[in-house]
Amino acid sequence: MVLKAERFLIIEELWKKHPLAWLLQIGEVSRAGYYKWRKSRSKRVLRLEEDLLLKEHLLAIHKIHPYFGYKRMTRALSREGIIVNHKRVRRLMRGLGIKSVIRKKRSFYGIRGSVIFPNVLNREFYAEIPFQKLVTDITYVRVGDTFAYLSAVLDLYNNEIVAWELSERNDLHLVLNTLKQLEGKPFGKNALLHSDQGFQYTTQSYENQLKELKIQGSHSRRGNCHDHACIESFFSHLKTEKLYLVRPQTIEQAYQAIQEYIHFYNHNRFQEKFNGLSPIEYREKTAA
């Protein structure tokens, strides 16, 4: 005997060519039962499609932050505007074979470790003057069937994006090329640039470039994304308000979309904390 689920599937394949009532009668199933089966099937298909999209995001985030476990991964997705249960994230990470990379402690001495700065910013996100407190980070950008990486620097005085660089590689050159755009900027006294402890931000080359700019480095505490939440908020706005809508298929399209959004964000996107002014409008008003 053919199972009811199999009969529903046959009806699903034939109903566009034959009357539904006739197919239901032959299959000896009710209309209500058929529609209930279709609804549950649609939910399963939608769930699978959502899981595929989530897996793409998880892989991209893991590539940038391999030390994220499922809890921090869930928080990172939330900052991208993707709200999902942590149990689902854990299940998908297990399916992908993604695990948090735990740095092993050195049991010997004599080898210099990574350059780690103290947390000078310490979540004090308010700045009295421009170019006094800056934050930087890297995020992934979906480009067709692959990813690109966006490095950006945000001024905490007015949340303005003051430098950014897009690359197909998440490497040290991406960060150093972003810093080059800060040359000649009017840094305030004791200016600092805050970041997480990603590998690019703990190199000697990064420290040397900060010294050339005459600004001090500041690092988040390891495993605490709230220490640089401001720039993660910007990345979330960029993706939900632009990139998820235009879905760039080439690196050139992605660059154009990001350029357009950053111009809009800096010049026209009002912010409540600045009484409805955009970052540049706020800077110009306070300078007047």
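Read-outs: derived from the displayed coordinates by stated rules, not from any lab. What you see is a predicted model; the values in this text were computed from it and never measured. Here the Cβ is made from the backbone with ideal geometry for all residues, glycine too, and neighbour counts use every protein chain on show.
Some notes on this structure:
- Residue by residue, the stretch 57-66 carries 3J(HN,Hα) couplings of 5, 4, 5, 5, 5, 4, 5, 7, 10, x Hz when phi is fed to the Karplus relation 6.51 cos²θ - 1.76 cosθ + 1.60 (θ = phi - 60°); x denotes Gly or Pro.
- Here the gap between residue 9 and residue 125, fully extended at 0.36 nm per residue and compared with their Cα-Cα distance, gives a gain of 36.0 nm.
- Range in the chain, longest, excluding exposed GluC sites (Glu not before Pro) [loop by DSSP; at most 15 other beta-carbon atoms within 10 Å]: 184-288
- Over 32 Å between alpha carbons, listed pairs 17/242; 189/273; 214/285; 180/273; 189/242; 99/185: 17/242; 189/242; 99/185
- Local electrostatic count at residue 132 - Lys and Arg +1, Asp and Glu -1, tallied over other residues with Cβ under 14 Å: +1
- Antiparallel content of DSSP bridges confined to the chain, in %, to 5: 70
- Amide hydrogen proximity for residue 15: with H placed 1.01 Å from N in the peptide plane, no residue at 5 or more positions away or on another chain lies under 5 Å.
- R0 of 30 Å, Cβ-Cβ distance residue 43-residue 221: FRET efficiency to nearest 0.05: 0.15
- 3J(HN,Hα) couplings calculated from phi for the stretch 135-151 with the Karplus curve 6.51 cos²θ - 1.76 cosθ + 1.60 (θ = phi - 60°) are, in sequence order, 10, 9, 6, 10, 9, 8, 10, 6, 10, x, 9, 9, 9, 10, 10, 10, 10 Hz; Gly and Pro show x.
- With respect to the chain, whose longest principal axis is taken over its alpha-carbon atoms, helix 86-96 is tilted by about 90°.
- Karplus-derived 3J(HN,Hα), 6.51/-1.76/1.60, for each residue of the stretch 204-219, Hz, glycine and proline x: 5, 4, 5, 4, 5, 5, 5, 5, 5, 7, 6, 10, 9, x, 9, 10
- Centre-to-centre separation between the Cα atoms of the stretch 1-70 and those of the stretch 115-160: 42 Å.
- Net lengthening on full extension, residue 100/residue 285 (0.36 nm per residue, minus Cα-Cα): 62.0 nm
- Crossing angle, helix 70-79 versus the chain [Cα axis fit, 0-90 degrees, rounded to tens]: 80
- Note on residue 22 and residue 78: with the Förster distance fixed at 41 Å, the Cβ-Cβ geometry gives a FRET efficiency of about 0.25.
- Helical content alone sets the calculated 222 nm signal of the chain at -14000 deg cm²/dmol, taking -39,500 (n - 2.57) per DSSP H segment of four or more residues and averaging over every residue.
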